[in-house]
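See below for the structure under consideration.
The values are calculated or read from the model by the stated rules, or taken from the named source; none is laboratory data. Please read these numbers as outputs of a predicted model, since none were measured by experiment. Every residue, glycine among them, receives a Cβ derived from its backbone with ideal geometry; neighbour counts consider all protein chains shown. Protein only, heavy atoms only, side chains kept; ligands, DNA and RNA dropped before computing areas. Shrake-Rupley method; radii C 1.70, N 1.55, O 1.52, S 1.80 Å.
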Amino acid sequence: MHLSSLYRFPLKSGSAELLEEGRCDELGLSGDRRWMVVDAATGKFLTQRILPQMALLTARWQGETALLMCAPGMETLRVPVPGPDSMMRGVLIWRETLRAPDAGDAAAAWLTRLLERPCRLVHLPNALGIQIDQDYARPGELTGFSDGFPFLLIGQRSLDDLSARVGQLLDVRRFRPNLLIADSAPYAEDGWRRIRIGDMEFRVVKPCSRCIIPTIDPLNGEKSPTREPLATLMNYRKGDGGVFFGQNLIAEGTGVLKVGMPVQVLE
């Protein structure tokens, strides 16, 4: 088995960035989900669940000092990483409340125009990392603006099996993983508890429960009228607490991941 693809998502619910190599820090894949769009009035996080057009919003790091955003019909905007004197904004992501640096009025105006609702952009420096649910994590194990966990893994053959059941070749970016693993048996990842990728070790802590985002085509931002592939997953991947596809991981320390690295199941 080996790591066949590596993805990060600089902006939560923005488009995927395909990497050949990525450093992993104390919050997960470095630069992954460190920016987030929030409602201007409430601070509540905004995603493709209610704004599917966010699938077409491209956000890419410019070194470590700025984010470059672009979208169809919009001019490109460079957003500097907020400095230490930036305004702190109260935000809500699921049940987690925190204060995060606001990225300024230019970014807010750009996103408000694109998404047609008042919103702001916030950034999460490593020092403000979010504690992972301690039902699955140790105190001090942190993540960024993810949906709870720093890494999401999917097996290529699991995706192939689902595609065959749906009758459509599915783009893995629908499922927003960081790690795509080749040459494992379909759904083998369901039974893994610890793995090693290159020199890094990971705990496999929780199956990933799926929302409606996989029904959104990442290439055009349109929802499937048949609710696929969620409709098919409900036929054979439904369990207590939801419909599951992929596994959430927590890294044991920091390191570097490269496409092609061998994957070993330790437990």
Checklist outcome for this item: For the chain, the longest principal axis of the Cα atoms and the Cα long axis of helix 105-115 enclose an angle in degrees, to the nearest 10, of 60
Checklist entry - With labels modelled as points extended 7 Å from the Cα through the Cβ direction, what inter-label distance (nm, one decimal) is found for Met74 paired with Thr112? => result 1.4
Checklist entry - Got the relative contact order for the range 34-125 handy, in percent, Cα pairs under 8 Å and 6 or more residues apart? => result 31
Checklist entry - Mean separation of Cα pairs under 8 Å and 6+ residues apart, divided by the residue count of the chain: what relative contact order is that in percent? => result 25
Item to check | the chain: angle of helix 156-166 to the longest principal axis, Cα-based, in degrees nearest 10 | outcome: 90
Checklist entry - Using the alpha-carbon centroid of each, what span in Å lies between the range 216-267 and the range 51-122? => result 25
Checklist entry - Accessible area per residue, 1.4 Å probe, Å², for the chain: what's the number? => result 44
Checklist entry - Rounded to a whole number, what % of the accessible area of the range 1-122 do carbon and sulfur atoms account for, probe 1.4 Å? => result 53
Next on the checklist: Tell me the carbon and sulfur percent of the accessible area for the range 133-267, rounded to whole percent, probe radius 1.4 Å.
Outcome noted: 47
Item to check | Under 14 Å, Cβ to Cβ, from Glu64 - net charge with Lys/Arg +1 and Asp/Glu -1 | outcome: +3
Checklist entry - To the nearest 20 debye, what charge dipole does the chain have about its Cα centre, counting +1 at the Cβ of each Lys and Arg and -1 at the Cβ of each Asp and Glu? => result 560
Checklist entry - Mind listing which chymotrypsin sites (Phe, Trp or Tyr not before Pro) in the range 1-98 are in a DSSP loop and have 11 or fewer other Cβ atoms within 10 Å? => result Trp94
Item to check | Distance in nm between pseudo-label sites at Tyr136 and Ala164 (7 Å out along the Cβ direction from Cα) | outcome: 2.8
Checklist entry - Per-residue ellipticity at 222 nm for the chain, helices alone: DSSP H runs ≥ 4 residues times -39500 (n - 2.57), over residue total, nearest 500 deg cm²/dmol? => result -3000 deg cm²/dmol
